[in-house]
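The values are calculated or read from the model by the stated rules, or taken from the named source; none is laboratory data. Predicted, not measured: the structure shown is a model, and the values here were computed from it. Because the Cβ atoms are built from the backbone with ideal geometry, glycine has one as well, and the counts that use them run over all protein chains shown. Just so you know, the surface numbers come from the protein's heavy atoms only, side chains and all, with ligands and any DNA or RNA stripped out. Shrake-Rupley method; radii C 1.70, N 1.55, O 1.52, S 1.80 Å.
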Amino acid sequence: MEPIGFIIGMILIAWLNYYLAGQRGRNEFGWAIGGVAFGIFATILLLILGKTKEKEIEVLVEAQKQASK
């Protein structure tokens, strides 16, 4: 693999982890760095872990607000 392809791949994995971590209530920067360090394995782990309890509560509260309108 050419170095530029490797760099672009790592940037894409870092961005994906950043986005997924934000959606799941986790530390975006930490997971982006984890994606660069561990590659697709960090992404898989992030998907397996799922949302934090705080994020689940936040989603439920938001849904209740929408339902009460």
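Observations, loosely collected:
- Protection-proxy order for peptides 29-42, 46-59, each taking the mean of Cβ atoms within 10 Å per residue, highest first: 29-42, 46-59
- Estimated dipole of the chain in Debye, rounded to 20 [Cβ of Lys and Arg +1, of Asp and Glu -1, Cα centre]: 280
- Just the protein heavy atoms count here, and of the accessible area of the chain at 1.4 Å, carbon and sulfur take up 70 percent.
- Mean separation of Cα contacts under 8 Å (6+ apart) over length of the chain, as relative contact order %: 29
- Extreme residue, positive dipole direction of the chain, given options Thr43, Gln64, Asn17 (C-beta unit charges): Gln64
- With Cα atoms, 0 to 90° folded angle of helix 40-49 axis to the chain main axis: 20
- Relative to the longest principal axis of the Cα atoms of the chain, helix 53-68 runs at roughly 50 degrees.
- Candidate values [x] 12.3, 33; [y] 10.9, 31; [z] 15.3, 55 were compared with Rg and Dmax of the Cα atoms in Å computed on the shown model; the agreeing label is [z].
- Heavy-atom surface of the chain, accessible at 1.4 Å and reported per residue (Å²): 76
- Local electrostatic count at Glu54 - Lys and Arg +1, Asp and Glu -1, tallied over other residues with Cβ under 11 Å: +3
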